[in-house]
1. Among A:THR99, A:THR92, A:THR27, A:THR37, which is away from chain B (no Cβ under 14 Å), exposed (fewer than 15 other Cβ atoms within 10 Å of the Cβ) and modelled with pLDDT of 70 or more?
2. Out of the residues in region A:249-288 that are of a type in the set (D, E, K, R) and in a helix (DSSP H, G or I), which is modelled with the lowest pLDDT?
3. Since A:GLN43 meets every condition but one in (1) assigned to a loop (DSSP other than H, G, I, E, B); (2) at pLDDT below 75; (3) buried (at least 19 other Cβ atoms within 10 Å of the Cβ), which condition does it not meet?
4. Could you list, in sequence order, the residues of region A:228-270 that are over 24 Å from A:ALA444 (Cβ atoms), away from chain B (no Cβ under 14 Å) and of a type in the set (S, T, N, Q)?
5. For the structure I just gave you, tell me whether A:ARG294 is under 17 Å from A:LEU185 (Cα atoms), among the basic types (Lys, Arg) and open to solvent by 20 Å² or more (accessible area, probe 1.4 Å).
6. Taking region A:169-227 as the region of interest, how many residues are of a type in the set (S, T, N, Q), more than 23 Å from A:ALA263 (Cβ to Cβ) and more than 9 Å from chain B (Cβ to nearest Cβ)?
7. Quick check on region A:773-817: of everything there that is in a loop (DSSP other than H, G, I, E, B) and of a type in the set (D, E, K, R), which residue is modelled with the lowest pLDDT?
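The values are calculated or read from the model by the stated rules, or taken from the named source; none is laboratory data. Quick caveat: nothing in here was measured; it's all calculated off a predicted structure. A quick note on method: Cβ atoms are made from the backbone with ideal geometry, for glycine too, and the neighbour counts reach across all protein chains shown. For accessibility, only protein heavy atoms count, side chains too; no ligands or nucleic acids. Shrake-Rupley method; radii C 1.70, N 1.55, O 1.52, S 1.80 Å.
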Amino acid sequence: MSAFTSASSRPACHHCGLTVEAPGRWTVVIDGQLHETCCAGCQAVSAAIADSGLQDYYRARDLPARPLRPAHVQADQLLYDDPEVQARFVRTDQGICETVLLVEGLRCGACSWLLEQVLGRSQGVIESAANLGTGRIHLRWQASQARLSDLIGTASRFGFSLQPFDATLRETQLRQTSRSRLRRLFVAGIAMMQVMMVAFPAYITADGDIEPALQSLMRWAGLVMTLPVVLYSASPFFAGAWREWQRRSPGMDTPVSLGIAAAFAASVWATLSDSGEVWFDTVTMFVFLLLGARHLEWLARLRATRAIDALSAAAPESVLKVIDGASPERIAAARLRPGDRFLTGTGEAVAVDATLQSGQSRFDLSLLTGESHPISREPGDILPGGAINLGSPVTLIARERQADSALSTIARLAVRAAAARPALLGLTETIARWFTVGLLLLSAAVWLGWHQIDPDRAWAIAIAVLVVSCPCALSLATPTAIAAASSTALRRGMVSTRADALEAMAGATDVILDKTGTLTRGQPLLTGFAAAAELDRASCLGIAAALEESSTHPLARAIRDAAASCDAPFQQACTIHTAPGEGVEGIVAGQRWRLGSARFVLGAAHAPDPADAGVEAGTEAGTEAGVAAGAEAGVAAGAEAGTRARHTAATEVWLAREGQAVARFLLSDAVRPDAALLIEGFRARGLGLHLISGDREPTVHAVAAGLGIERWRAAMSPADKLDYVHALQAQGRKVLAIGDGINDAPLLAAADVSIAVGRASTLAKTSAAIVMLGERLVDVLTLHQLAHRTRRIILQNLAWALAYNAAAIPAAALGLIAPWVAALGMSVSSLLVAGNALRLIAGDGTPPAPEVLLAPAADAVGAHQAT
Amino acid sequence: MEALFLLIPLSIAIIAGATWLFLSMVDKGQFDDLDSPAHQILTDDDRPAGGA
């Protein structure tokens, strides 16, 4: 019966497809046949499905059901009956509640059917509609007859977990808007086709060929069918025009509305008086095509909104808070306070920004950063809210309240940026305003002029002028392009916090890069090692790691990481004493060890000569073999094999036993693997590159030389950095600053446009215009490319609008264009510019364009991909 | 030609009917999700002979 069988001889669970470990223990009878299931949960679900007469599910599904995870089945459902909690996501109207819930476990069409049936049959439920595409279910129920927790419980008995979707109200609004737009579009479309049928005879016959009664009939038919188009479909235009009139800033809707109203009024008059021309076909076609263009714009905005909603919905509604001396309690995530400890199980999302306290796991940050590979995190690491735990359950300590968490902040910033008006948009709207005023005056003048020359044609020509002009590229296409580009960027983990960020980025001529945390990781790595003969690398690291075990210093962490990665023997240190800024001292295996600066470990005033101390040098920048050889025979030549750059940029940490130096660690802040890619990409695009850093000269020089950046400055104070930016700007350069958003906040604020890289957790304090949530520097190039494409498309649209209007308006004013041609031209022009803008979301979800990856050397590409 | 006096009003009535039909379909949410219905056809009450 079941299509899902396991590879082993043991049967597969009828419900979820997993192997049945204990055949005969959990069985279920469906349609007279005995089936094995793997656990009590699947047995219960399967039996529930059969008892409800819904066994069709098993025939129609094309994926086995989600295995049940009893551990987190709906511990929080009772929470959802709390009116205070409900207020956030349930809309109540006259005793009928309505909500949209996110569904976990919706895998195929059969699942959505099953869920709909199960809930639809529950008492008090009026409507249940599951949407496979968005993974949501829409529920309406009588508040007096059903409780939400019961409905969620019912769904969970069938293996689905339902969670409130915070943006419910918005989702409902979005859907209402979508529907009403579709209705208007449809009414206009069907009326257009039919009006065209009755208008058609007038175009192919000479005056008087059609008998007057029939002509009158066809005019009346056109009038009847145009009426709903003007009154219903076109109402957004009239409403828009009314708003524009109230604000005294005529925009695109004003001429459109006047054109529709004038053409319709003249046609009605002609129909009533049985004289003159009718333009019903023109009116309906105009409305239909314009609505079509607006629909495209709406789709782009819907996409942008949904991208933001996905962020808002990513964090869970409730968390298991750990309480000392008691079992964990499930509370609303909004009630979590900094310092609270909470549990995050497998497959759950982290509720707020938090520090990992215990447990080690892998996390999926794809929603936040666009990075598809899971990232390992261990105790002490910081996790942003919304990260999904893929491994074992972990305990976390909250760092922020939910509202201050990175995820909420991102959503808020994105919403703010989406709502703000970019300067470019302001400019185009100003132009559009004057354009409209000029157009209205021109139409009036044309009417007056033609009234003197040929009164019969005055109306037709004035309407043609009004209708033919197309300010769409100004008022419609530019915001569409910006919305489309922003949503594309957001899906790649890049949030523009200011509306004009992309535009400014496209105009940048110079790139200023910060070193620490931007081109480099901002965290030191062990890059070199040298030791006295009798000790090998692993045991030195083991001792050093033991001494540094509880330290939070970045250098200590680097040593611990290195020790962990080379499986250093575990050592225990006792009586650890830390000398701040110098080093650490402790007893390991009965001997006194010191780790720190040369002066500290030897108690001497100057650094010891490695040879005197019996230390031989090797570096890991050479090969491992080189290090091993170096440790055995004198001073290794391998020291020179490592890049000089890294050598000079490194920090030395010495390890001493009883006052005798035995080993030296070289720690340096490694350049990110894709930094070279970024530099090459910008260079290929002709941007000036500058590296400025507050770090020491050798370090900065090493990085600059390694990456081939010619203009670099070291030991810059924040004030120096500002002067540097201002000096560039004084030369008329447009500066794009890339930093980590913390050390260089003034720099980022002073630049024309700025990007903060890889710092989701400090997002709220950032002054950057664009925040990159991922760690991939190449994304900056992708964004730069997107910014250029956006600008190019906006310019294309403006150029088209200019050319079109320059040709069409004079032609219409001279009476060369019939109203229907004018309507067609204007509408097609609108569709053209809106469609052009939509190209910005076409490339969504694909890897960066080839040119990003092709420019640099192949090994750099390899290094990037290896990360 | 006199037929047109009947046919044109008739066509308007049919269009009105078609429009009403479409609007009620939109209201029922038939255009909200264009993915699942393709799967839902598989869950008809008619039982296929061979099962899954």
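1. Details: A:THR99 fails: exposed (fewer than 15 other Cβ atoms within 10 Å of the Cβ); A:THR27 fails: exposed (fewer than 15 other Cβ atoms within 10 Å of the Cβ); A:THR37 fails: exposed (fewer than 15 other Cβ atoms within 10 Å of the Cβ).
Among A:THR99, A:THR92, A:THR27, A:THR37, only A:THR92 is away from chain B (no Cβ under 14 Å), exposed (fewer than 15 other Cβ atoms within 10 Å of the Cβ) and modelled with pLDDT of 70 or more.
2. Let us first name the residues in region A:249-288 that are of a type in the set (D, E, K, R), namely A:253, A:274, A:277, A:281.
Filter once more, so that each one left must be in a helix (DSSP H, G or I): A:253, A:281.
Working: A:ASP253: 81, A:ASP281: 88.
Among residues in region A:249-288 that are of a type in the set (D, E, K, R) and in a helix (DSSP H, G or I), the one modelled with the lowest pLDDT is A:ASP253.
3. Tallying (1) assigned to a loop (DSSP other than H, G, I, E, B); (2) at pLDDT below 75; (3) buried (at least 19 other Cβ atoms within 10 Å of the Cβ), A:GLN43 fails exactly one: (1).
4. Passing the criteria: only A:SER235.
5. On the way: under 17 Å from A:LEU185 (Cα atoms): yes; among the basic types (Lys, Arg): yes; open to solvent by 20 Å² or more (accessible area, probe 1.4 Å): yes.
In short, yes.
6. Applying the first criterion (of a type in the set (S, T, N, Q)) to region A:169-227 yields A:172-173, A:176-178, A:180, A:194, A:205, A:215-216, A:226.
Imposing the further condition that a residue be more than 23 Å from A:ALA263 (Cβ to Cβ) reduces the set to A:172-173, A:176-178, A:180.
Checking which are more than 9 Å from chain B (Cβ to nearest Cβ) leaves us with A:172-173, A:176-177.
Qualifying residue count, region A:169-227: 4.
7. Residues of region A:773-817 that are in a loop (DSSP other than H, G, I, E, B), as a first pass: A:773-777, A:814-817.
With of a type in the set (D, E, K, R) added as a condition, the list becomes A:775-776.
Numbers: A:GLU775: 72, A:ARG776: 77.
Here the residue is A:GLU775.
A quick yes/no check of all residues on (1) closer than 30 Å to A:TYR58 by Cα; (2) of a type in the set (Ser, Thr, Tyr); (3) at pLDDT 75 or above; (4) surrounded by 13 or more Cβ atoms within 10 Å (Cβ to Cβ):
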{"site": "B:GLU2", "(1), (2), (3), (4)": "no, no, yes, no"}
{"site": "B:ALA16", "(1), (2), (3), (4)": "no, no, yes, yes"}
{"site": "B:THR19", "(1), (2), (3), (4)": "no, yes, yes, yes"}
{"site": "B:HIS39", "(1), (2), (3), (4)": "yes, no, no, yes"}
{"site": "B:ASP44", "(1), (2), (3), (4)": "yes, no, no, no"}
{"site": "B:ALA49", "(1), (2), (3), (4)": "yes, no, no, no"}
